[in-house]
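Trainee: Would you mind keeping the following structure in view while I ask a few things?
Quick note: the coordinates plus some simple rules give every number you see, no bench work behind them. These numbers were taken from a predicted model, which means no experiment stands behind them. Positions of Cβ are generated from backbone atoms using ideal geometry, with glycine treated the same way; all protein chains shown enter the neighbour counts.
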Amino acid sequence: MSNDNKQWLQTFPATVRRNAYGRQLGSFITRAPFKGIGEVTMNFIRAPYIESISPGVEVLAEVNHHIVAARYKKQMILSFHPEIGEDTRIHKQFLQMVTKEI
């Protein structure tokens, strides 16, 4: 994490900027392309963004030139809340990813 001195599990080779869009009042909703799915609604609530990634990490979505979704092996990180709303395509993609043989 770039603006947090805590080191968490460290299983995903990326640097994340916490609360990058500001406090709760900075929350917003937008639509953007998501790799392999198409355009999706993205709900950002006190959202981070992915500041940098290492080789081997696949960018899945960007908003305003910031990475907001990425995949590494069988892990997926998102800056937004796909569970808000009725679109389940990201959930389905995640389930396909984790059940697929590497």
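Trainee: Could you give the length gained by full extension between residue 58 and residue 11, i.e. 0.36 nm per residue of separation minus their alpha carbon distance, to one decimal place?
Mentor: Gain on stretching residue 58 to residue 11: 15.5 nm.
Trainee: Once you place label points 7 Å from the Cα toward the Cβ at residue 37 and residue 65, how far apart are they in nm?
Mentor: The modelled label-to-label distance comes out at 2.5 nm.
Trainee: Using only the alpha-carbon atoms, what does the stretch 31-102 span along each of its principal axes? Please give whole angstrom values in decreasing order.
Mentor: Computed over the Cα atoms, the extents are 33, 30, 20 Å.
Trainee: Could you compute the net charge surrounding residue 75? Neighbours are other residues with a C-beta less than 14 Å from the C-beta of residue 75; K and R count +1, D and E count -1.
Mentor: +3
Trainee: Still on this model: For residue 73 and residue 86, calculate 0.36 nm times their separation in residues minus their Cα-Cα distance, and state this gained length in nm to one decimal.
Mentor: In short, 2.0 nm is gained.
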